[in-house]
Amino acid sequence: MSGKSIHLLTLTQGKREYPSPSFDQGRGQTPVIHHADKCKLLREKLFPTPPDTGEDMPNLNIRRPGEMACPPPTRREVYDAIFGPDPKEAPGPDGITFLALRWAWWAAEEEFFLLM
């Protein structure tokens with residue numbers, strides 16, 4: 001390599017050279033092979049419809065005796081909570097890092113704030 005040459009690294013998305021393995025659904029059921037079917041199966045297994053308890057959902061807007069008032073967070077408080085800690089700090093129990101939270105804030109600040 002001469003002093004005037006520059007090597008450029010080109011990043012490309014790799015292509016899988018092998019098929020994705022099928023999902024075995026258990027005895028007597030056909031394995032799931034196609035991508036759309038795998039997605040549907042994962043949604044059904046990971047996010048099943050909750051069972052009907054026969055009870056109405058509680059009204060979370062009613063204050064109960066002895067309950068402390070909790071005003072909604074300000075945009076500045078949410079920002080400080082996300083950008084205060086080190087972005088490389090270990091994730092919490094949910095597995096989400098502060099770096100990922102920062103990316104979400106930068107990508108959709110208004111939507112992210114409304115989730116609070």
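A short reminder: the numbers here are calculations on the coordinates, not readings from a lab. Note that the structure is predicted; figures quoted are calculated from it, not measured. Quick reminder, even Gly has a Cβ in these numbers, built from the backbone with ideal geometry, and neighbours come from all protein chains shown.
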Checklist entry - When each pair of different Cα atoms in the range 38-105 is counted once in the 1/r mean, what is the Kirkwood radius in angstroms, to one decimal? => result 16.5
Item to check | Burial order of peptide ranges 104-113, 60-69, 44-53, 26-35 (average beta-carbon count within 10 Å, highest first) | outcome: 104-113, 26-35, 44-53, 60-69
